[in-house]
Each structure stands twice: as structure tokens, then as C-alpha cells.
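In what follows, a structure is listed as C-alpha cells, so that the remarks can point back to it.
The values are calculated or read from the model by the stated rules, or taken from the named source; none is laboratory data. This is a predicted model, so every value here is computed, not measured. Methodologically, a virtual Cβ is constructed for each residue, glycine included, from the backbone with ideal geometry; neighbour enumeration extends over all protein chains shown. Note: areas computed on protein heavy atoms with side chains; ligands, DNA, RNA excluded. Shrake-Rupley method; radii C 1.70, N 1.55, O 1.52, S 1.80 Å.
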Amino acid sequence: MQVKQPLRSSPAPFRVAAAQIRPKKADYPANLERVTEVLAQASALDPPADVVVFPETAVTGYFLEGGVGEAAVPAEQLHADLVRGFVAAGIERPMDVVVGFYEAAAGHLYNSAMYCELSPGNSRIAHVHRKFFLPTYGVFDEGRFVRRGRTFGAFPTRFGKAAVLICEDVWHSISTTIVALRGAQLVYLVTASPGRGFSGEVIGNLAKYRQLVVSAAEEHSVFVFNASLVGFEGGKGLIGGSMIVNPLGQVIAEAPTTEEALLVADCDPSDIETARLNSPLLADLRSALGDVVAEMDTLVEDAADAS
């Protein structure tokens with residue numbers, strides 16, 4: 001007798017909220033309270049949000065420079081503080097949260113983002129990503145104040161396999177390529193971007209971000225959920241413009257610039273399989289991966305010889 005194998009099913013549709021907020025510089029308690037308020041707001045939606053994404057350095061602000069050491073906290077402390085706020089707010093439904101922060105770990109400082117699962121009974125840290133590419137040009141000098149991360153990871157969630165990237169990471173297409181090859185279907189991108197290029201109808205770097213995010217989603221047939229800071233820090237205006245892009249590269253939700261907003265979108269993981277069937281670029285890459293890796297090894301050898 002032939003036994004039929006069950007059809008592979010995608011996770012159920014889910015709702016994501018990207019919180020575009022204006023933090024108070026270096027005020028961890030006040031910003032943590034603001035995060036809790038947004039979680040309560042997201043839980044009161046109809047239907048409630050399943051995942052809430054906060055921007056890069058959401059609990060401290062971005063331009064701290066030499067103040068990073070005083071503002072940084074271990075991931076475990078941030079998680080415990082989020083749990084306390086979640087419980088105090090009386091949120092009864094499980095909720096996944098992505099939040100950017102300056103991390104203190106093993107005597108080092110990082111620009112990090114944590115994915116954690118919150119619930120009244122059982123909460124956990126699912127993943128911490130440390131920013132891999134640190135910008136050191138223009139108004140940026142991150143490499144002076146934090147150490148860069150060394151890995152890109154993908155991890156399971158109840159909505160599908162996920163990855164987290166931070167700002168400059170997405171400017172390098174290799175970042176999204178790596179996490180997609182590791183199996184990520186959902187990419188959470190947290191950013192803090194000061195406005196640059198005001199000669200056109202759209203702020204220059206916001207237009208570039210849109211291009212990068214759309215290209216990443218379309219090439220690898222992944223959802224990209226972007227949350228960005230707004231407000232002024234040290235005379236620099238953070239532009240916002242958070243967006244949610246589906247696996248076809250379509251922007252399905254977009255926040256305004258320069259003001260706080262809670263961007264909400266309903267997402268169906270089955271769209272990923274549909275997009276990959278229509279445009280199997282990731283499958284093509286997997287089939288050629290051995291040769292791609294061999295080419296990369298050659299580049300590493302060439303760089304070593306050049307130095």
C-alpha cells in the first residue's frame with residue numbers, strides 16, 4: 001500500500017508592526033517605558049500584532065559616541081526588562097519583539113539587535129545579532145566605539161526562519177545573501193539613518209534604502225521588515241521612512257518621514273514559496289554555491305597576498 005506524504009504547509013499568516021520611534025538620548029528607563037507603551041498599543045490592534053520591530057539602538061538613541069559604554073547593557077538585562085514591562089502592561093497574548101540596543105558582552109561593546117519571544121508564562125531570547133558592517137565615513141565613526149560582529153545567523157521562529165540585520169549590513173548585498181542561504185525567509189532590518197541628499201523629491205539616502213530593501217526582498221524572495229528611528233540627535237535628523245516589503249519586492253506598507261508611526265502589515269508566509277517558484281534565483285545560487293565559495297576563497301587569498 002502506498003502511503004501518501006502530507007503536503008508541506010507554511011506557517012499561518014501573521015501581523016507585523018514596525019515601531020518608528022523617537023528615543024530620548026541615553027535615557028534607557030524612559031525609552032524602555034516607551035517600548036512597553038508601543039507593545040501595549042500593538043497588542044490592542046484588531047487583530048493584535050504578532051511581531052513588533054523596533055529600530056536600531058531604540059532604547060538609547062544612536063549618536064552616543066563616547067557615551068556608549070555607560071548606555072550599553074547585557075542582552076539578558078534588556079530581555080528581563082522587556083519581560084517586566086510586558087507583564088506590567090497586562091499583555092496576555094504572546095508577542096515576538098525585535099529591538100536594537102548597545103550591548104555589553106564579555107568586556108566588549110556592540111551595536112546589537114535582539115529577537116525575543118515574550119509571553120506571560122514563558123519568554124526567551126531567540127537570537128542576538130551584532131552589526132557586522134560598521135560605517136566609518138561621513139558623520140559615522142562606529143568603529144571607534146563598538147566592536148563589529150563576526151557572523152550572520154538565521155534562527156527558527158513560529159512564523160518561519162528569520163534573520164536580523166542592522167542598518168549598514170543591508171548596504172552590502174552579501175549580508176542578505178548569506179542569511180537567505182542559511183534559510184531565512186523573514187529579514188528584520190533595524191536602522192537609524194540621518195538624512196542625506198535633499199536636492200530631489202525624496203531624501204537621497206531614503207531613496208537608496210528603499211532600493212536596497214526592495215532588491216534584497218525580490219532577489220531572495222524574503223519578507224523584509226524595516227523599523228527606523230526618527231528625531232534629532234547631535235544636530236542630525238533621523239529620517240524614519242520604515243517599510244515592509246513582500247517576497248515579490250513590493251512595498252506593502254511605508255511610514256512617513258520625520259515623525260513617529262506604528263506601521264502595520266499582514267503577511268502570509270505562503271507568499272515566499274510562490275515567489276520562489278516564480279523566480280528561483282535563490283535555488284540557482286544554491287546550485288552554484290560550491291563554485292561561488294571557491295571564487296570567494298580565491299578573493300581571500302588574493303587579499304592576503306596583496307597585504
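When only the Cβ of Lys, Arg, Asp and Glu is charged (+1, +1, -1, -1), the dipole of the chain relative to its Cα centre reaches about 440 debye. Averaged over its residues, the chain has an accessible area of 47 Å² per residue, based on protein heavy atoms and a 1.4 Å probe.
Modelled label positions at Glu33 and Ala80, each set 7 Å beyond Cα in the direction of Cβ, lie 2.1 nm from each other.
The largest-to-smallest principal axis extents of the Cα set in the chain are 63, 56, 46 Å. Tell me whether segment 157-307 comes out rounded, prolate or oblate; compute the Cα gyration tensor, take square roots of the eigenvalues as a ≥ b ≥ c, and use a/c under 1.5 as the rounded threshold. Verdict is oblate for segment 157-307. Note on Ala288/Ala12: beta-carbon distance plugged into 1/(1 + (r/R0)^6) with R0 of 30 Å gives a FRET efficiency of 0.35.
The mean sequence separation of alpha-carbon pairs under 8 Å and at least six residues apart, normalised by the residue count of segment 103-144, gives a relative contact order of 27 percent. Here's how it looks for Thr157: its modeled amide H is under 5 Å from those of Ala162, which are all 5 or more places away or on a different chain. Full extension of the chain between Arg158 and Val87 gives 23.5 nm of extra length, using 0.36 nm per residue less the Cα-Cα distance.
Here the contact order of the chain, divided by its residue count and restricted to Cα pairs under 8 Å and six or more residues apart, works out to 18 percent.
Take the Cα of Val139, step 7 Å toward its Cβ, do the same at Thr274, and the gap between the two points is 4.0 nm. Loop-located trypsin sites (Lys or Arg not before Pro) in segment 236-292 (DSSP state not H, G, I, E or B) with no more than 10 neighbouring Cβ atoms inside 10 Å do not occur.
When the chain is treated as a Gaussian network with alpha carbon springs shorter than 10 Å, the biggest mean-square fluctuation among Phe140, Phe132, Phe223 belongs to Phe140.
The label-point distance for Gln41 and Glu301, in a model that sets each label 7 Å from Cα toward Cβ, rounds to 5.5 nm. Protein heavy-atom surface of segment 45-103, 1.4 angstrom probe: 50% of the accessible area is carbon and sulfur, with nucleic acids and ligands not counted.
Selection among Pro23, Val139, Gly231 by position relative to the dipole of the chain gives Pro23 as farthest towards the positive end (Cβ unit charges, Cα centre). Taking only protein heavy atoms and a 1.4 Å probe, the accessible area of segment 110-150 is 43% carbon and sulfur.
Rank Asn226, Asn205, Asn31 by mean-square fluctuation in a GNM of the chain with C-alpha springs under 10 angstrom and give only the top-ranked residue. Of Asn226, Asn205, Asn31, the Gaussian network model singles out Asn205 as fluctuating most. Here the average projected area of the convex hull drawn through the C-alpha atoms of segment 23-173 stands at 9.2 nm². Mean residue ellipticity at 222 nm, helices only, the chain: -9500 deg cm²/dmol; runs of at least 4 DSSP H residues each add -39,500 (n - 2.57), and the sum is divided by the number of residues. Measuring against 26 Å, Cα to Cα, the residue pairs Lys24/Lys161; Lys131/Lys236; Lys25/Lys161 contain Lys24/Lys161; Lys25/Lys161 as the ones spanning a longer distance. Across the chain, the longest piece that holds none of the GluC sites (Glu not before Pro) lying in DSSP loops with up to 16 other C-beta atoms within 10 Å covers 93-200. Classify segment 6-58 as rounded, prolate or oblate, taking a ≥ b ≥ c as the square roots of the eigenvalues of its Cα gyration tensor: rounded when a/c is under 1.5, otherwise prolate if a/b is larger than b/c and oblate if not. Since a/c reaches 1.5 and a/b is larger than b/c, the shape of segment 6-58 is classed as prolate. Anisotropy class assigned to segment 223-299 is oblate, per the alpha carbon gyration tensor with a/c at or over the 1.5 cut-off and a/b no larger than b/c. Counted as membrane-span-like here are DSSP H helices of the chain whose alpha-carbon atoms extend 18 Å or more along the helix's own axis and whose Kyte-Doolittle mean is -0.5 or above; these are 28-43, 75-88, 204-220, 289-306.
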